[in-house]
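Okay, so here's the structure we're looking at.
We did not get these values from a lab; they are worked out from the coordinates using the rules stated. Keep in mind that this is a model prediction, so the values were computed, not measured. Cβ placement follows ideal geometry from the backbone for every residue including glycine, while neighbour counts extend to all protein chains displayed.
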Amino acid sequence: MKYLDEFRDPVVAKKILDEIHVVTTQPWVIMEICGGQTHSIIRNGIDQVLPKEIELVHGPGCPVCVTPLEIIDRAIEIAGRPDVIFTSFGDMLRVPGSHKDLFMVRSEGGDVRTVFSPLESLKIARENPDKEVVFFAVGFETTAPGNAMAIAQAAKEGLTNFSELVSHVLVPPAMEALLSSPSNRVQGYLAAGHVCTVMGWDEYDPIAKKYEVPIVITGFEPMDVLDGILHTVKQLEAGTYKVENRYARIVEQGGNQAAQALIKDVFEIANRKWRGIGEIPASGFKIRKKYASYDAELKFSVGDIRTEEPEACISGVILQGLKKPHDCPAFGKECTPQNPLGATMVSSEGACAAYYKYQRILDK
Amino acid sequence: MDFPDNLSCPVPILSHDTVQLAHGAGGKLSNEMIDKIFLPRFLNSTLEKMEDQAVLDNPGGRIAFSTDTFVVDPIFFPGGDIGDLAINGTVNDIAMSGAIPRYLSVGFILEEGLAFETLHRIVLSMEQAAKFAGVQIVAGDTKVVNRGSCDKLFINTSGFGFVPDNVNISASNLELGDKIILSGTLADHGMAVMTTREGLSFQSTVESDTAALNHLVQDMLGVSSNIHALRDPTRGGLATSLNEFAASSNVGIQLYRDTLPVKENVRGACEILGIDPLYVANEGKLVAIVPPDVADEMLNTMRDNDYGKAASIIGEVTDKHPGIVALQTGLGANRIVDMPVGEQLPRIC
């Protein structure tokens, strides 16, 4: 398949891998930010074939994983109302709230639907004027333009029965939070290619300079990931710390200007809680006042629902790259994809689920 | 609604255009529906007697019996519909024992208001599927439920066939060194239904592979009756069937990645939705576990059959990692192919 197969070619991948082995002379800790990259690394067994000096730690870039429990509980509260059609991307439906997940809300009679785009939710809103249609707007900068567009479009059409439950988070503040933590081990970053497609890479330059870490933007196919690792290691070995774009087939320095304008029109920067990490200042989006009537949190007055995380789960330290899923006593025992204790076990992009799915027993 | 085939067989004229609750009440309307819609299409000497049961000859030996219920949404999809799916599904379940499927029963649950035009089209497709598979429909039942109590129509088929004396096929028969043969491409049916349901369109339509595989199985048994295990990987896909084999026989299964065949457009759909073809339903494919000494001849014979043209050897049975299915990645690493948990969910990004 064009644009995929050439980035999965095992022969070329092997060449990059050999080069990584050649340039690596000492131990390095590299974090891939994005859960899509984590999934690709584990699925293709990249971590199994790297030099033993290179440790990959899995970052917080999994939207399902970092959405705080209280937002899930708010979603469940809204979705259970008889006048609501609650719409969401598929993988949010299985995330456990305090007492149940959205699938259970559906089995109890709630109208919960999977959509592939927030614009689909808009269509449902047009077709069901007597219902309140809510879209669960989670994710990073990647999904923000689409979610902003749905609100802007609803406003343009004068739709009053559409709203979004927003839990949008941003990558650069999380990178900074991790780097400034006293327990930080990360020496280099693989930046998330699709986030940079939207936002460009200007915001990464100050981080690279301030913390003296190389940041290499890369994609999701095995060759992209290997190439990203190679260029990070090269910089680490040379002692440089630049932002490097190795995903140039998609990413431009200024990003997607039209998408950024949409985001800016609808959202403003806000403090956000990250599941397992806690509140990070200015690390997310909330809906601007002028679009307040599209904010489901206000519309359904669920802002008061506050929930503490369960203690057994160590997903917080896993999301910070301090521990690996295997280090958790509950991993594969009390905590499995059938019965996840924390969000990193739910999404296929979560580190725990990826380890469980692909490496549970073979690497013993 | 278009009628690409069977133009020679127009919808019979009935006193109603749509199914009424009375059509399920056992009176005149029920009889009219049976006489005009079902009987002409399914007719055989057993059904013709219109008794409360089918009385059939017993040739002796072992019987393979199976049942399945079909609730697919949408009821029409590229490559098939709920009708041929219902025939092929039960035929294949019987055939995976090595049996020759012979007789089916069909139970319909119809939603009040269903157009007879739709029902007729489905019954025609069942007739054709049964004819191809060589099975007779010898018993049937119809119920009509209130609008909203079911989605258009549900179909149950049950059936049986006769297992040849020297054949013993079971998930617990796997032996070290056995080869794993897949009869064709993966994920066609599941992705056809999913792309239709979600309104996703591609340059070339993703078509279901729904087909009866009993003739293919008999061709294979012609090569050797020593087939160790057979499954048609429907719900849960190939990954589920192989995990069941590995668990039942307590052996490991090693797949050679580069040989897993998926059609280009199906792969595209899977990539877009973030879905792994290993876990997607097939309705016209089988996976066979055979001793290594018959594998090549088996493969060649399968390739001579229309439903095994793209057959390939995809892996082997190993004593490493018993109970586990593993797959070689392009980089030479080995990863687990686990049982799926619930339905696969399209990812956020």
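Quick one: A:H326, A:H194, A:H99, fewest Cβ neighbours within 10 Å first, how do they rank? List each step's numbers first, then the result.
Working: A:H326 13, A:H194 20, A:H99 9.
Going from sparsest to densest Cβ surroundings: A:H99, A:H326, A:H194.
B:V223: net charge of surrounding residues, Cβ under 14 Å, Lys/Arg +1, Asp/Glu -1, itself excluded?
Computed value for this residue: -3.
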Check: ³J(HN,Hα) across the stretch B:148-161 via Karplus (A = 6.51, B = -1.76, C = 1.60, θ = phi - 60°), whole Hz, x for Gly/Pro?
Finding: x, 7, 8, 9, 6, 7, 10, 10, 10, 10, 10, x, 8, x
Note to self: Going by average Cβ density within 10 Å per residue, which order do the peptides B:315-324, A:160-169, A:30-39 take, highest to lowest?
What the structure shows: A:30-39, A:160-169, B:315-324
Checklist line | B:Y103 long-range amide H proximity, modeled H, under 5 Å | finding: B:Q136, B:F160
Check: Gap in Å between the Cα centre of the stretch A:288-364 and the Cα centre of the stretch B:86-147?
Finding: 45
Item checked: Cα gyration tensor shape for the stretch A:185-264, rounded if a/c is under 1.5, else prolate or oblate -> oblate
Check: Counting only Cα, what are the radius of gyration and maximum Cα-Cα distance Dmax of the stretch B:248-349, in Å?
Finding: 15.2, 47
Item checked: Packing rank of A:108-114, A:59-65, where each peptide gets the mean count of other beta carbons within 10 Å, highest leading -> A:59-65, A:108-114
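Mind checking B:334-340 for the average number of partner chain beta-carbons within 10 Å of each residue's beta-carbon? Let's see the in-between values first.
On the way: counts 6, 12, 10, 2, 6, 3, 2.
Taking all residues of B:334-340 together, the mean is 6.
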Next item on the list: With only alpha-carbon atoms counted, please give the Rg and Dmax of the stretch A:315-358, in Å.
Entry: 8.9, 25
Next item on the list: Please give the average number of partner chain Cβ atoms lying within 10 Å of the Cβ of each residue in A:40-49, rounded to a whole number.
Entry: 4
Margin query: Starting from a Cα-only point model with no solvent, please compute log10 I(q)/I(0) by Debye for the protein assembly as shown at q = 0.08, 0.10 1/Å.
Written below: -0.72, -1.06
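Report, in deg cm²/dmol and to the nearest 500, the calculated mean residue ellipticity at 222 nm for chain B, where each DSSP H run with n ≥ 4 adds -39500 (n - 2.57) and the sum is divided by the residue count.
-8500 deg cm²/dmol
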Notebook entry, point to check: Could you state the principal axis extents of the C-alpha atoms in the stretch A:135-184, from the largest down, to the nearest angstrom?
Noted result: 49, 15, 11
Check: Sorted from fewest to most neighbouring beta carbons within 10 Å, what does the list A:K123, B:K285 look like?
Finding: A:K123, B:K285
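Per residue Cα convex hull volume for the stretch A:91-177, in cubic angstrom?
On the way: hull volume 9.8 nm³, N = 87.
With only Cα atoms used, the stretch A:91-177 gives 112 Å³ per residue.
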Checklist line | Ellipticity estimate at 222 nm from DSSP helix runs (n ≥ 4, -39,500 (n - 2.57)) divided over chain A, nearest 500 | finding: -11000 deg cm²/dmol
Notebook entry, point to check: In terms of Cα to Cα distance under 20 Å, which lysines are near enough to A:K234, apart from those fewer than 8 places away along the same chain?
Noted result: A:K14, A:K15, A:K52, A:K209, A:K210, A:K242
Notebook entry, point to check: If each Cα of the stretch B:135-194 is one equal point scatterer, what is log10 of I(q)/I(0) from the Debye formula at q = 0.18, 0.25, 0.27 Å⁻¹?
Noted result: -1.06, -1.11, -1.14
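Taking every eigenvalue of the Cα gyration tensor of the stretch B:21-163, multiplying by 5 and rooting it, what semi-axes result, largest first, whole Å? Show your work: numbers first, answer last.
Working: eigenvalues 127, 65, 31 Å².
Working through the eigenvalues yields semi-axes of 25, 18, 13 Å.
Given contacts defined as C-alpha pairs under 8 Å and at least six residues apart, what's the relative contact order of the stretch A:1-314, whole-number percent? Walk me through the numbers before you get to the answer.
Details: 596 pairs, mean separation 67.7, N = 314.
Computed over the stretch A:1-314, the figure is 22 percent.
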Check: Under the definition of partner shielding as Cβ atoms of other protein chains within 10 Å of a residue Cβ, what is the mean value for peptide A:219-226?
Finding: 1
Notebook entry, point to check: Looking at the stretch A:246-364 from every direction and averaging, what is the projected area of its Cα convex hull in nm²?
Noted result: 11.1
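How would you rank A:148-158, B:245-255, highest first, on the average number of other Cβ atoms within 10 Å across their residues? If you can, show how the numbers build up before the last one.
Working: A:148-158: 18.0, B:245-255: 20.5.
Descending packing order for the listed peptides: B:245-255, A:148-158.
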Checklist line | Local net charge near B:A129, Cβ-Cβ under 12 Å (Lys/Arg +1, Asp/Glu -1) | finding: -2
Check: Amide H to amide H, which residues 5 or more places from B:R231 or on other chains are under 5 Å from it, using H placed in the peptide plane?
Finding: B:V287
Checklist line | On Cα atoms only, tilt of B:264-273 relative to the major axis of chain B in degrees | finding: 90
Item checked: Sequence-distant residues sharing a close amide H with A:E32 (under 5 Å, placed H) -> A:V57, A:G59, A:L190
Item checked: Cross-link reach list, lysines versus A:K156, counting only Cα pairs under 27 Å and skipping chain neighbours closer than eight places -> A:K123, A:K131, A:K264, A:K286, A:K289, A:K290, A:K299
Check: Each residue of the stretch B:19-32 in turn: what ³J(HN,Hα) in whole Hz from Karplus with 6.51, -1.76, 1.60 and θ = phi - 60°, glycine and Pro shown as x?
Finding: 6, 9, 3, 5, 5, x, 8, x, x, 4, 5, 4, 5, 4
Next item on the list: Kindly give Rg over Rh for chain B, based on alpha-carbon atoms, with the Kirkwood expression for the hydrodynamic radius.
Entry: 0.99
Check: For the residues A:R288, A:R275, what sequence is obtained by ranking on other C-beta atoms within 10 Å, fewest first?
Finding: A:R288, A:R275
Next item on the list: Kindly identify the stretch B:1-91 as rounded, prolate or oblate by the Cα gyration tensor criterion: order the square roots of the eigenvalues as a ≥ b ≥ c, call it rounded if a/c is under 1.5, otherwise compare a/b with b/c, prolate if a/b is larger, else oblate.
Entry: oblate
Check: Could you give the angle, 0 to 90 degrees to the nearest 10, between helix B:237-249's Cα long axis and the longest principal axis of the Cα atoms of chain B?
Finding: 60
Note to self: If I fit a long axis through the Cα atoms of helix B:188-197 and take the longest principal axis of the Cα atoms of chain B, what angle between them do I get, 0 to 90°, rounded to 10?
What the structure shows: 50
Notebook entry, point to check: Can you list, bin by bin at 5 Å, the percent of alpha carbon pairs in the stretch B:179-336, starting at 0?
Noted result: 2, 9, 19, 22, 20, 15, 9, 4, 1, 0
Next item on the list: Starting from one equal scatterer on each C-alpha and no solvent at all, send me the Debye-based log10 I(q)/I(0) for chain A at q = 0.07, 0.08, 0.11 Å⁻¹, two decimals.
Entry: -0.30, -0.40, -0.75
